[in-house]
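Reviewing the structure listed below.
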């Protein structure tokens, strides 16, 4: 079973504009509203892969009710607690001319200690033996940065394999618990280590530092340049594929979803690479945070190109 945890969900409002200009009047081409938050995005992609997951987290207000209703419509099992306030709305401005996305993200509601204790207990109680649990995204403004570390530790005690996709202090604290897989992008990795990583070999060596905490897999997203898959004895560089980009929002979540699905299904290292890369690529070919279709993903798997690097 796959559990996705979203402690700070959002409604994503994606706006497309032909030539976005700061400080000017811009005319919108299209607008799309999606139930989102990184873990929720992961659950949607797992559904597209014909997998099953349960989405757990915190919702608030009418925005939260909208998110729950959207998940119910597409038959994604979910178990959220409702709190006071309002679930945030994140605005994504996609410039179709430059293919640059500008994100304006709200902070989300304040969470009372009682509600936080309830959701932590619900997450831990829900996890069955041998589950894959995905912890991704930010947390509400008043929640301690050690929360993922605590939840990873408790999940591992139940035999779960944990996937971590977050950044900054949440990432630096959480890796101490030794999640099974960590997926930073190159900017998050450089920010965490406070240094530039100029070569693929440097990136791979930096990723290997995570293995000292008991991490088994590190997957580093390199944007249009592809990704690096790192284990104790393997480093694979996946080349980026040139496709028509409609939105980069959710591409990382699509990769995490494929990683979770492949790990649950006990895929080989190379099959994990192919599925994760193809799923991430199809995500940028869709608007908003829509997942690509299973037909597109299967088609692209055969086109995934990667090479092994010799990195100590």
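The values are calculated or read from the model by the stated rules, or taken from the named source; none is laboratory data. Predicted model only: the values in this text are computed from it and were never measured. Using ideal geometry, Cβ is built from the backbone for each residue, glycine included, and neighbour counts are taken over all protein chains shown.
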(message) Can you find, within segment 24-41, the residue that is nearest to residue 261 (Cα to Cα) among those that are under 15 Å from the mean Cα position of the chain (by Cα) and without any contact (Cβ under 8 Å) to a residue 40 or more places away in the chain?
(response) 40
(message) Considering only residues that are in a loop (DSSP other than H, G, I, E, B) and either out of contact with any strand residue (DSSP E or B) (no Cβ under 9 Å at 6 or more places or on another chain) or on the phi > 0 side of the Ramachandran plot (or both), which ones fall in segment 25-55?
(response) 25, 37, 49, 50
(message) Tell me the residue from 175, 163 that is within 18 Å of the chain's Cα centre (by Cα), part of a helix (DSSP H, G or I) and within 30 Å of residue 208 (Cβ to Cβ), please.
(response) 175
(message) Among the residues in segment 93-104, are any out of contact with any helix residue (DSSP H, G or I) (no Cβ under 9 Å at 6 or more places or on another chain), in contact (Cβ under 8 Å) with a residue 24 or more places away in the chain, outside any helix (DSSP H, G or I) and crowded, with 20+ Cβ neighbours inside 10 Å?
(response) yes
(request) Specify the residue that is surrounded by the fewest Cβ atoms within 10 Å (Cβ to Cβ); the eligible residues are those in segment 178-201 that are in a loop (DSSP other than H, G, I, E, B), without any contact (Cβ under 8 Å) to a residue 60 or more places away in the chain and under 19 Å from the mean Cα position of the chain (by Cα). (result) 178
(request) Please give the number of the condition residue 293 fails out of (1) surrounded by fewer than 23 Cβ atoms within 10 Å (Cβ to Cβ); (2) in contact with a strand residue (DSSP E or B) (Cβ under 8 Å, 6 or more places away or on another chain); (3) modelled with pLDDT under 90. (result) (2)
(request) Could you give me the residue pairs with C-beta distances under 6 Å whose first residue belongs to segment 9-23 and is assigned to a loop (DSSP other than H, G, I, E, B), whose second residue is crowded, with 18+ Cβ neighbours inside 10 Å wherever it lies, and which are 6+ apart or on separate chains? (result) 9/37; 9/40; 9/57; 9/67; 9/87
(request) Look at residue 79 and say whether it is surrounded by fewer than 19 Cβ atoms within 10 Å (Cβ to Cβ) and in contact with a helix residue (DSSP H, G or I) (Cβ under 7 Å, 6 or more places away or on another chain). (result) yes
(request) Can you give me the number of residues within segment 43-76 that are touching a residue at least 60 places away in the same chain (Cβ under 8 Å) and surrounded by fewer than 16 Cβ atoms within 10 Å (Cβ to Cβ)? (result) 1
(message) Please go through segment 202-229 and give me each residue that is farther than 17 Å from residue 304 by Cβ, touching a helix residue (DSSP H, G or I) at 6+ places or on another chain (Cβ under 7 Å) and not in a helix (DSSP H, G or I), ordered by number.
(response) 215, 218
(request) Could you list all residues from segment 107-121 that are part of a loop (DSSP other than H, G, I, E, B) and surrounded by 15 or more Cβ atoms within 10 Å (Cβ to Cβ)? (result) 108, 109, 111
(message) Need pairs with beta-carbon distance below 9 Å; first residue touching a residue at least 12 places away in the same chain (Cβ under 8 Å) and at positive phi and within segment 148-177, second assigned to a helix (DSSP H, G or I) and surrounded by fewer than 24 Cβ atoms within 10 Å (Cβ to Cβ); sequence gap 6+ or separate chains.
(response) 168/188; 168/191; 168/192
(request) Would you mind stating whether residue 217 is surrounded by fewer than 16 Cβ atoms within 10 Å (Cβ to Cβ) and modelled with pLDDT of 90 or more? (result) no
(message) Between a residue in segment 124-143 that is surrounded by fewer than 19 Cβ atoms within 10 Å (Cβ to Cβ) and any residue that is at pLDDT below 90 and not in a helix (DSSP H, G or I), which pairs come within a Cβ distance under 8 Å, given they are 6 or more apart or on different chains?
(response) 141/107; 141/108
